[in-house]
1. Given the criteria modelled with pLDDT under 95 and either out of contact with any Phe, Trp or Tyr (no Cβ under 8 Å at 6 or more places or on another chain) or away from ligand 2 (no atom under 16 Å from the Cβ) (or both), does A:PRO263 qualify?
2. Evaluate the stretch A:180-188: report whether one residue or more is modelled with pLDDT of 95 or more, under 21 Å from A:GLY450 (Cα atoms) and surrounded by fewer than 18 Cβ atoms within 10 Å (Cβ to Cβ).
3. Is it the case that the stretch A:262-270 has a residue that's within 14 Å of chain B (Cβ to nearest Cβ), closer than 19 Å to B:GLU43 by Cα and within 16 Å of ligand 3 (Cβ to nearest atom)?
4. If you scan the stretch A:1-46, which residues turn out to be touching a helix residue (DSSP H, G or I) at 6+ places or on another chain (Cβ under 7 Å) and at pLDDT below 55?
5. Scan the stretch B:77-90 residue by residue and report those that are at pLDDT 95 or above and either within 22 Å of A:MET289 (Cα to Cα) or not assigned by TED's automatic domain parsing to the domain that holds B:ILE38 (or both).
6. Please work out which residue is nearest to the chain's Cα centre (by Cα), limiting yourself to the stretch A:204-218 and to residues that are within 13 Å of ligand 1 (Cβ to nearest atom) and either away from chain B (no Cβ under 14 Å) or open to solvent by less than 20 Å² (accessible area, probe 1.4 Å) (or both).
7. For A:ASN287, indicate whether it is away from ligand 2 (no atom under 16 Å from the Cβ), more than 11 Å from chain B (Cβ to nearest Cβ) and open to solvent by less than 10 Å² (accessible area, probe 1.4 Å).
8. So which residues in the stretch B:228-256 are facing another protein chain (nearest Cβ under 7 Å), within 22 Å of A:GLY275 (Cβ to Cβ) and in a helix (DSSP H, G or I)?
Amino acid sequence: MSQVDDAQGASIDTPPEKPRHRATKGPRVPMREQDAARRATNFEEVAVGYSAEEAHAEAMRCIQCKNPTCIDGCPVNIDIKSFIAAIIDGDLSEGVRVLKERNALPAVCGRVCPQEEQCEAACVLARKGEPVAIGRIERFLGDHDLACEMDHRCAPEVGPSTGKRCAVVGSGPAGLACAGELRRIGHEVTIFEALHAPGGVLTYGIPEFRLPKAIVGTEIEMLSEMGVTIETDMVIGATLTVDELMTEEGYDAVFVGNGAGLPVFMGIPGENLNGVYSANEFLTRVNLMKAYEFPSSDTPVWRGRKVAVVGGGNVAMDSARTAIRLGADEVFLAYRRTEDEMPARIEEVHHAREEGVEFKMLCSPVEILGHDGFVTGLVASRMELGEPDASGRRAPMCVVDSEFTIDCDTVIMAVGTRANPLLSKAAPDIELTSRGHIVTDEQGATTKQGVFAGGDIVTGAATVILAMGAGKRAAQAMDSHLRG
Amino acid sequence: MFRIVHKRQLSDAVFEMGVEAPRIARKAEAGQFLMLRIDETGERIPLTFSDWSAEEGWVRFIFMRVGKTTHKLSHLDVGDEIKDIAGPMGIPTHVDDLGRVVVVGGGVGAAVAYPVARAMARAGNTVTVVLGARNADLLILQEEFEALGVELVVCTDDGSAGRKALVTAPLKEMCEAGTVDHSMAIGPAIMMKFCAATTKEFGVPTTVSLNPIMVDGTGMCGACRVTVGGETKFGCVDGPDFDGHAVDFEELMSRQRIYSDDERLADAEYSRECSCHK
Ligand SMILES: Cc1cc2nc3c(=O)[nH]c(=O)nc-3n(C[C@H](O)[C@H](O)[C@H](O)COP(=O)(O)OP(=O)(O)OC[C@H]3O[C@@H](n4cnc5c(N)ncnc54)[C@H](O)[C@@H]3O)c2cc1C
Ligand code: SF4
Ligand code: FES
């Protein structure tokens, strides 16, 4: 093991194939960030990204293992080692090409993937010290590609027309990845999106300061450039049904990637008071509808002075950090377990804390107090952790008579989402699980002939990369179906 | 983009507008609504269909100029375009042969009441429409209702047209006569609340069409939460029609007020910019 740190970067388990470079030792190249005090007042991106020199310096830390475990850690098995090698060699286009073979949206994933649990956790260097900053390098390559003129960008080649037409429902990461892959193969593709803007959670959920909408927009432009048609304002299940797509509209196959967008509330008293938001509503008002620019943008948002966010995932962090930026004096985050169990990315937790979010661990809301219809406080009960539950995490339990009140004028519920039944109600022959998720086989085929599905609607709320992986896999299954 | 193909001013502040939207027109049913966003910086607002033609591919809605969005909308004309329209949203009004049905339409609610009354009449019901407004100038669609051939009772608060009464007065009389099998109340929340209170006494089933604040209209945000029978429902996908006897109207009215300060501010700013007079 100690030989991992060897000058040549060689190790017994994974000697390099050829000494491409002399790997540098030491800590990761830090990524420049906007100062916490400053960024807490604006919606600009927090992390600035690597320069070419920084990306090269970080790439030089990679020892180019013979057995690159990082690749196994990636949910879509991107050839990480090769794109890093390309940077070492100074061939950025080659790096982008390798990356895009498996990931159509690297500038997005480089920003929002939980690399610390995936590729970076699996990196050989993580055993002894800091893993290669794969995510930051990925982001650098993605941004490099986006910065190029459209005709210099790494566009997947579109295959000869197959004469088949595919409909993709939903334009989140699952739908975008599926559409891109189907088009690459040579099928005609139309995306149907219920909202007025494409992108799914990337557009309405994840805030500007973490994922600039211009990046999402440019990635989507690339699909249009490839010949994918995007129809917004099309609510499948209402404007058209899945059946109508396949009959009247003449599509040969349909992919459903409509996400898990139905917000869950806790069912506690006071939840319908003014000032209580689902995270979805709060984030949609701010991100999709640009309420932070009100009144030049027409959609308002209730700007609380004291905001309590309930939950411990990325959605909770995004809500809390958005509330700070809208000018709240105090933002609390109430989570019923401890920080160790929080599902949010470590980086987000760290950023939230830097920006002034106050964490209240081991507490769970029992009631929301109000006066004249508006929120005045949140009553929470203290919790303690018991035995591990089905999820393997220790189950929180209420401590009797431990209730306390947090003064606040806004409460944001970020306690999860469920499948939206709008589409499936109008498609009774698509089998659902007891929780309303669509049942598929490994490849994404549903119980309805010619209809495939993937992303959060199948797995429940998960990650961008898993949704993209599912979309792409389903595209290949659709292709076999269409040829078969 | 959706082209405006019809515009008619019904009163000082009330407009009827039609847009080309063939796919939506084919699906529209009484009681359903569309989500509309005028332009790139616009908000999304729900507007219930007042009429539609599947053959000609248009849908119509009626709106009152109350805030910035409806103000902007009132400035658009035939030939102009609206950026986004999506629908039909919501569950259609349950139309069945119920016997004698009283449809109450108050204020702009008359716009929604019109296709409901028409559908109820076509389904074989004996329909009475109670049309109410503050005064004669605010009364809309009277001729259209007359053309349906249904019984029509007009009331105004000040007696400038029809009876000088609130809509609840004729409603109560009909309930007392014991001839009402079902009632529908569509209008301002306060009116629906009193209609529901009136019919409850007589055990006459009453459907109301709620108008909570919405953002997406597809069940994705929960802005439209209403309490019905002690349970939280999403107005956009579980409604907009609900059992009037079970709705928490106080909560609905309170929730409708959340952004009233913001709305005033936005409209004041817009009025200054466009330098027109309301
Ligand atoms: C605030 C927030 C932060 C997150 N942060 C991260 C993160 O940092 N890293 C990460 O990996 N994951 C994160 N996630 C999770 C990730 O965004 C999702 O797992 C992923 O977006 C799922 O992709 P999808 O394509 O399945 O669905 P979505 O992104 O939900 O897209 C579904 C699309 O379908 C549309 N649609 C729905 N119904 C219909 C219909 N009937 N007709 C037509 N269109 C319809 C929707 O409008 C939407 O555009 C976050 C999620 C949220 C909400
Ligand atoms: S990123 Fe880590 S695991 Fe992957 S090749 Fe480089 S050193 Fe090895
Ligand atoms: S308007 Fe968003 S869920 Fe009803």
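The values are calculated or read from the model by the stated rules, or taken from the named source; none is laboratory data. Predicted, not measured: the structure shown is a model, and the values here were computed from it. All Cβ positions, glycine included, derive from the backbone under ideal geometry; neighbour counts span all protein chains shown. Side chains are part of the model used for accessible areas, which takes the heavy atoms of the whole protein and leaves out ligands, DNA and RNA. Shrake-Rupley method; radii C 1.70, N 1.55, O 1.52, S 1.80 Å.
1. Working: modelled with pLDDT under 95: no; either out of contact with any Phe, Trp or Tyr (no Cβ under 8 Å at 6 or more places or on another chain) or away from ligand 2 (no atom under 16 Å from the Cβ) (or both): yes.
No, not satisfied.
2. Looking through the stretch A:180-188, at least one residue is modelled with pLDDT of 95 or more, under 21 Å from A:GLY450 (Cα atoms) and surrounded by fewer than 18 Cβ atoms within 10 Å (Cβ to Cβ).
3. Pass one, the stretch A:262-270, residues within 14 Å of chain B (Cβ to nearest Cβ): A:262-270.
Narrowing further to those that are closer than 19 Å to B:GLU43 by Cα: none.
No - not one qualifying residue is present in the stretch A:262-270.
4. Passing the criteria: A:MET1, A:VAL4, A:ALA10, A:SER11, A:ILE12, A:THR14.
5. B:GLU81, B:ILE82, B:LYS83, B:ASP84, B:ILE85, B:ALA86, B:PRO88, B:MET89, B:GLY90
6. Here is the first cut: in the stretch A:204-218, the ones within 13 Å of ligand 1 (Cβ to nearest atom) are A:204-211, A:216.
Checking which are either away from chain B (no Cβ under 14 Å) or open to solvent by less than 20 Å² (accessible area, probe 1.4 Å) (or both) leaves us with A:205-211, A:216.
Numbers: A:GLY205: 9, A:ILE206: 7, A:PRO207: 11, A:GLU208: 13, A:PHE209: 14, A:ARG210: 10, A:LEU211: 10, A:VAL216: 12 Å.
Only one residue tops the list, namely A:ILE206.
7. Numbers: away from ligand 2 (no atom under 16 Å from the Cβ): yes; more than 11 Å from chain B (Cβ to nearest Cβ): yes; open to solvent by less than 10 Å² (accessible area, probe 1.4 Å): yes.
It is true that A:ASN287 is away from ligand 2 (no atom under 16 Å from the Cβ), more than 11 Å from chain B (Cβ to nearest Cβ) and open to solvent by less than 10 Å² (accessible area, probe 1.4 Å).
8. Taking the stretch B:228-256 first, the residues facing another protein chain (nearest Cβ under 7 Å) are B:232, B:237, B:251, B:254-255.
Imposing the further condition that a residue be within 22 Å of A:GLY275 (Cβ to Cβ) reduces the set to B:232, B:251, B:254-255.
Result: B:GLU251, B:SER254, B:ARG255.
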